[in-house]
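The values are calculated or read from the model by the stated rules, or taken from the named source; none is laboratory data. Computed from a predicted model, the values in this text were never measured in an experiment. With ideal geometry, Cβ positions are generated from the backbone for all residues, glycine too; neighbour counts draw on all protein chains shown.
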Amino acid sequence: MKIIGLMSGTSVDGIDAVIVDIQNGVEDHDAVRVNVLQFATYPYPDGVRERILEISAPGAGSVEKICHLNAYLGELFAQAAIRIAREAGVELASIDAIGSHGQTIQHLPQPQDESGILVRSTLQIGEPSIIAERTGVTTVADFRPRDMAAGGQGAPLAPYGHYLLFRHPTRTRIVTNIGGISNLTYLPAGATPDQVIAFDTGPGNMLIDGLMREISGGTRVYDENGDDAAQGTCDADLLRSLMTHPYFTSKPPKSTGREEFGAAYLRQIHKEAGSCGINNADLLRTLTEYTAESIVYSFKTFLPNMRDMLETQTIDLLFCGGGVRNQTLMRAVQQRVQPLSIASVEQVGVSSDALEAIVFALFARETLAGRPANLPNVTGSAHPVILGKIIPGRSFRSLGGVSQT
Ligand SMILES: Nc1ncnc2c1ncn2[C@@H]1O[C@H](COP(=O)(O)OP(=O)(O)OP(=O)(O)O)[C@@H](O)[C@H]1O
Ligand SMILES: CC(=O)N[C@H]1[C@@H]2OC[C@@H](O2)[C@@H](O)[C@@H]1O[C@H](C)C(=O)O
């Protein structure tokens, strides 16, 4: 079956769109083989990123703006689906489903007490009704809230996709996605779903990107190849101080976002750096080392036998997401996991850039087949749940499936 996956992540750099062809029958989910027919990232039109960040910031988003952007992003996601199909030379009518993550504008996974009712919330926008209407294709979206309703963090969800795509009978693997936020999935050799450990490790490129925008007055949105950070020197005292952030020692299940590691946090870091007389180049290098340090700290703190496995090189460390292009960042990770050599997911045959969109294409299939795609031991939900909301397309048909437990 052919499915389109659509994703815009916490970097808010554009819409990742993929068309995958899944050869296996829908009942055969445990040995899924995904063939990527086409992948592209369609940048947001000018000014849209800023508008998304504005409505994501505390106190800044009016309900009108959110309501409008939900519909506008729905249009942009629909255009992305239509465009990727055209570029692949595939008729929309032959697409079985679209899985759309949408754009996270708020993620509040810590329960807030409302007179004894514990409320967790998360909001992804990019109206799926518009995607289904414009494409005629059954669209599955809004994957996170159901996991939250079952007591989970609603994130990270990709680990189930990582489990389907990367688990190995004899090799233990860690898949680390360095997007805006970084998240890892630990897959012990011969893993069963309940053995997967996964969580957000903290900042990915978010702080690096934020500082680059500031330094360049908005003309540069990331540190290309990590070249600027390579010119600076890490400030060991600031790095030590940053590593005292309570997120790192808090035990999984855990997930995070811009709320914790976004603009307000960067302002705080700036203040601290300023009072220590740290220049911009050194601050950029320090933030790059901080990102690497927090990722490797997570490996060593929360994953079993990590130190031994690094020593004996009996683990594959696979990286994906835009951060793999930042060579200074990847060198900083490499130095911290010696003697092991890190690799990209590309080395095991999966596109690093397309991976998150592929995962949401897979999730659409799981939902339409009536199968849960959350991992309760990862998100903390009370039980497995079928994720998402289904907007029927023109020739909607249920793929059958099992009832939820
Ligand atoms: N050539 C490059 N050099 C350095 N960094 C790069 C390069 N290309 C991309 N990046 C980084 O990767 C980021 C985008 O990564 P990605 O698309 O994986 O993030 P995302 O999917 O939006 O985030 P998340 O996974 O947190 O939802 C950019 O914002 C930038 O920081
Ligand atoms: C709330 C939200 O959108 N979280 C994203 C973000 O980007 C990376 C990390 O933080 C992860 O928790 C998640 O995305 C991936 C796709 C996930 O759910 O696994």
Which one of Thr104, Thr139 is among the hydroxyl-bearing types (Ser, Thr, Tyr), within 13 Å of ligand 1 (Cβ to nearest atom) and not assigned by TED's automatic domain parsing to the domain that holds Ser298?
-> Thr104
For Ala364, the lone unmet condition from (1) buried (at least 24 other Cβ atoms within 10 Å of the Cβ); (2) within 13 Å of ligand 2 (Cβ to nearest atom) is (2)
For region 101-128, which residues satisfy the criterion of being of a type in the set (Gly, Ala, Ser) and under 23 Å from the mean Cα position of the chain (by Cα)?
-> Gly102, Ser121, Gly126
When restricted to Ser241, Ser182, Ser255, Ser216, the only residue in contact (Cβ under 8 Å) with a residue 24 or more places away in the chain and more than 30 Å from Asn374 (Cα to Cα) is Ser241
Inside region 152-204, the number of residues satisfying the requirement of being part of a loop (DSSP other than H, G, I, E, B) and either near ligand 2 (Cβ under 10 Å from one of its atoms) or not β-branched (Val, Ile, Thr) (or both) is 17
Quick check: is even one residue across region 87-96 crowded, with 24+ Cβ neighbours inside 10 Å, assigned by TED's automatic domain parsing to the domain that holds Ala361 and outside any helix (DSSP H, G or I)?
-> no
Do the conditions hold for Thr328, that is, is it within 22 Å of the chain's Cα centre (by Cα) and closer than 23 Å to Glu214 by Cα?
-> yes
Looking at region 207-242, which of the residues that are within 22 Å of the chain's Cα centre (by Cα) and not in a helix (DSSP H, G or I) is nearest to Ile55 (Cα to Cα)?
-> Val221
Note on region 325-339: residues more than 18 Å from Leu284 (Cβ to Cβ) and either in a helix (DSSP H, G or I) or modelled with pLDDT of 95 or more (or both) are Gln334, Arg336, Val337
Just for region 170-196: of the residues that are within 16 Å of ligand 1 (Cβ to nearest atom) and farther than 16 Å from Ser294 by Cβ, which one is surrounded by the most Cβ atoms within 10 Å (Cβ to Cβ)?
-> Val175
When region 108-135 is examined, which residues are found to be small (Gly, Ala, Ser) and either within 20 Å of Glu366 (Cα to Cα) or at pLDDT below 95 (or both)?
-> Ser129, Ala132
Residue in region 197-256 that is nearest to Ile181 (Cα to Cα), counting only those that are touching a Gly at 6+ places or on another chain (Cβ under 6 Å) and within 11 Å of ligand 1 (Cβ to nearest atom) = Gly204
